[in-house]
Amino acid sequence: MAVSREIITRILEAGVKAPSGSNSQPWRFRVRGDDVFVVALPEKDHRILNYRNRGTLVAHGALLENITIAAAGLEHQVEIELFPDKAEPAVWARIHISKSDKDLPDADLYPYIPQRTTNRKPYKPDPLTPAQKADLLAATIVVPGADVKFIEERVSIEVLAKASSANEIVMLENRDLHKLFFEEIVWSAEAEKKRGGGLYVKTMELKPPEQFALKNFFKYWPVMNFANKLGLAKMIAKNNAKTYAAAGAWGAIFVRDADNDFLTAGRVIERIWIKAAQLGLSLHLISGVLFLRQRIKAGLTAGFSSEHIELVNQAYDSIARVTDVKDNKLVGLLFRIGVGGEPSARSYKPPPDMGG
């Protein structure tokens, strides 16, 4: 029995609520009967942080997980074939959807897909309960290939927060990254909807004077460059580190240094994120410095100063030490988690592009 177009649309509507770098939505879909072909659009993603399209792979992993969960919630099941056609490398997955008469284990997560969102507010420092940690880890068991670890000691959390804030120093002191950052920002909900995505400034949880300065002064490189000579980028990083440290715990996802493992990491983080929403917890993915480190480690250092290269390497070394990552893996993703309340704004998720 053929799956109705309405069901397929509802599944994909849930799918595109997945996170992506600066809400770039790097995908579109081709629907052929009961099959959905997922087409990657890595050119929409951050061209510097998106090393080997790994940021896009993370987003697509989250997309596939949303689709799997949504199908279960709508009493359907999916079969996923990765890279189904070598002649079309941009087609990353074929998803076959069919009706199911079984009780599917992920169905209970479906209502929480729309509730999953980035919350950049400070969280309560209360540690996660053993039951919460067990539930979060149990949600990842169905996705083999990535290890998850929670870091709860306050000193270790502060080290991770400070190391991760190195991303802001590089981003604001590097002219190319500064330019890309401000190209990604949208300044109003109307502009975000018209654009179909982007980094909506209110989701950044800035105070009104900070928003004003960002829009009217610091988006101009000569102004930003002068302010950096007075220590602005380092001050912003220091303040962000305080917010990052305000969490019940941090989490690390370990993967091999292989492209497809980042697809797996995307599936894992999305399952944790949706389970967190079900548990009433907030989550903030903070992985910019990790992707900068991958690019630098690969020798792609053009445009980076020696100071920034050393800063990123030192930051990753601190992260690796605290998380105790093993030699055969790397820290693929980092996130903080805890009780953060309702964010000031949520990113707009446009309807799925099913134009073929």
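The values are calculated or read from the model by the stated rules, or taken from the named source; none is laboratory data. On a predicted model such as this, the values are computed, not experimentally measured, just so you know. Ideal geometry is used to build each Cβ from the backbone, glycine not excepted, and the neighbour counts take in all protein chains shown. Ligands, DNA and RNA are stripped out before the accessible areas are found, and what is left, the full protein with its side chains, is counted by its heavy atoms. Shrake-Rupley method; radii C 1.70, N 1.55, O 1.52, S 1.80 Å.
Of note:
- Ellipsoid semi-axes for region 20-79, based on the Cα gyration tensor and the rule √(5λ), read 25, 12, 8 Å when sorted largest first.
- Mean ellipticity per residue at 222 nm, deg cm²/dmol - from DSSP H runs of n ≥ 4 across the chain, formula -39500 (n - 2.57): -13500 deg cm²/dmol
- The residues of the chain present an accessible area of 46 Å² per residue when probed at 1.4 Å with all protein chains retained.
- Accessible area, probe 1.4 Å, largest first, for residues Arg271, Arg321: Arg321, Arg271
- Taking the protein heavy atoms of the chain in the context of the full set of protein chains, the accessible area attributed to carbon and sulfur is 53 percent at 1.4 Å.
- Calculated SAXS-style log₁₀ I(q)/I(0) at q = 0.18, 0.22, 0.23 Å⁻¹ - region 104-171, Debye, Cα scatterers: -1.06, -1.27, -1.29
- Derived scalar couplings ³J(HN,Hα) [region 169-183; Karplus, 6.51 cos²θ - 1.76 cosθ + 1.60; whole Hz; x for Gly, Pro]: 4, 5, 4, 8, 9, 9, 4, 5, 5, 4, 4, 5, 4, 6, 5
- Computed across region 1-138, the Kirkwood radius stands at 16.4 Å (inverse of mean 1/r, all Cα pairs).
- Rounded Å value of the spacing that divides the Cα centres of region 224-251 and region 119-142: 24 Å
- Under 10 Å, Cβ to Cβ, from Ala138 - net charge with Lys/Arg +1 and Asp/Glu -1: +2
- Taking amide H atoms as placed 1.01 Å from N in the peptide plane, the amide H of Leu199 lies under 5 Å from those of Ile185, Val186, each 5 or more residues away in sequence or on another chain.
- Ordering of 331-341, 3-13, 295-305 by packing is 331-341, 3-13, 295-305, highest average first (other Cβ atoms within 10 Å, averaged per residue).
- Over all distinct Cα-Cα pairs of region 236-356, the Kirkwood formula returns a hydrodynamic radius of 16.4 Å.
- Residue-count net charge about Asp126 - beta-carbon cut-off 14 Å; Lys, Arg +1, Asp, Glu -1: +3
- The lysines whose alpha-carbon is closer than 28 Å to the alpha-carbon of Lys193, local same-chain residues fewer than 8 away aside, are Lys17, Lys44, Lys121, Lys179, Lys202, Lys207, Lys215, Lys219, Lys275, Lys349.
- Counting Lys and Arg as +1 and Asp and Glu as -1 over every other residue whose Cβ lies under 12 Å from the Cβ of Ala161, the net charge comes to +3.
- Full extension of the segment from Trp221 to Lys102, taken as 0.36 nm per residue of separation minus the current Cα-Cα distance, would add 37.1 nm.
- Cα pair distances in region 122-235, grouped into 10 Å bins until the bin that holds the longest one, percent each: 11, 29, 27, 25, 8, 0
- Heavy-atom SASA rank of Arg47, Arg52 (probe 1.4 Å, accessible area, largest first): Arg47, Arg52
- Accessible-area order (highest first, 1.4 angstrom probe) of the listed residues Ile48, Ile157: Ile48, Ile157
- Sorted largest first, extent of region 292-356 alpha carbons per principal axis (Å): 41, 37, 27
- With each label modelled as a point 7 angstrom along the Cα→C-beta vector, the Glu342-Ile309 pair spans 4.9 nm.
- Computed P(r) (all Cα pairs; the chain; 10 Å bins; percent): 5, 25, 35, 25, 9, 1, 0
- Highest average packing first - 185-191, 166-172, Cβ atoms within 10 Å: 166-172, 185-191
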